[in-house]
1. For residues in segment 39-57 being over 17 Å from the mean Cα position of the chain (by Cα) and not in a loop (DSSP other than H, G, I, E, B), which is farthest from residue 3 (Cα to Cα)?
2. Can you name the condition, by its number, that residue 197 falls short on among (1) more than 30 Å from residue 28 (Cβ to Cβ); (2) outside any strand (DSSP E or B); (3) at pLDDT 95 or above?
3. For residues in segment 209-230 being in a loop (DSSP other than H, G, I, E, B) and within 19 Å of the chain's Cα centre (by Cα), which is nearest to residue 25 (Cα to Cα)?
4. Considering every residue within segment 1-12, establish whether at least one is under 17 Å from residue 77 (Cβ atoms) and either without any contact (Cβ under 8 Å) to a residue 24 or more places away in the chain or surrounded by fewer than 19 Cβ atoms within 10 Å (Cβ to Cβ) (or both).
5. Hey, does segment 79-91 have a residue that's surrounded by fewer than 16 Cβ atoms within 10 Å (Cβ to Cβ), modelled with pLDDT of 95 or more and under 20 Å from residue 178 (Cα atoms)?
6. Applying the selection to segment 18-33, what residues are touching a residue at least 24 places away in the same chain (Cβ under 8 Å) and either crowded, with 19+ Cβ neighbours inside 10 Å or in a loop (DSSP other than H, G, I, E, B) (or both)?
């Protein structure tokens with residue numbers, strides 16, 4: 001049975017949502033919320049999820065303090081050992097601050113917190129988190145952030161766009177002004193993935209607004225399929 005750790009920091013508030021969504025998608029999964037001070041990669045975790053929220057109150061910058069915690073300092077080793085790592089919203093910011101993913105985050109262009117459902121497109125899907133996604137798939141998920149404008153230098157963008165999995169906002173849905181419409185980016189092998197939208201809030205059709213489909217399900221189904229099939 002796959003064993004997935006959901007890291008919790010002071011200020012994390014989406015851990016229970018992630019846990020519930022994982023259990024809804026796949027009942028044969030051992031998912032646990034793990035306080036960051038108690039996390040040890042050596043405990044045999046098959047995958048790690050860093051959920052959203054406001055770790056340490058977003059002091060300094062969103063994700064900056066959590067990125068320097070002992071738990072996150074273990075995640076580069078996870079990447080080396082091909083243990084899949086997913087960062088959602090604040091978790092994505094943490095992975096970027098830790099240097100596991102390229103880029104940086106800036107306040108939304110509007111200067112306001114945005115909470116809306118958006119349409120996304122998958123480009124170059126690869127890795128365990130997108131194993132069931134197809135190139136060009138349209139996914140629907142909500143965003144909820146005030147510092148979600150992804151920024152990347154042109155030279156780095158040219159590098160990732162040719163080799164890494166990307167999730168992009170459709171042109172009219174890039175509400176925060178992210179560079180190149182990027183809503184999510186992965187490492188070249190796709191084992192580390194960061195997404196600003198919330199897949200854990202886009203699993204249950206009953207909680208999905210009219211006109212949208214629950215697009216987060218494919219991410220959770222992908223990781224469970226990958227782990228069970230010995231990806």
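The values are calculated or read from the model by the stated rules, or taken from the named source; none is laboratory data. This is a predicted model, so every value here is computed, not measured. Every residue, glycine among them, receives a Cβ derived from its backbone with ideal geometry; neighbour counts consider all protein chains shown.
1. 57
2. (1)
3. Top of the filtered list is 216.
4. yes
5. Scanning segment 79-91 turns up no residue that is surrounded by fewer than 16 Cβ atoms within 10 Å (Cβ to Cβ), modelled with pLDDT of 95 or more and under 20 Å from residue 178 (Cα atoms).
6. 18, 21, 22, 25, 26, 28, 29, 31
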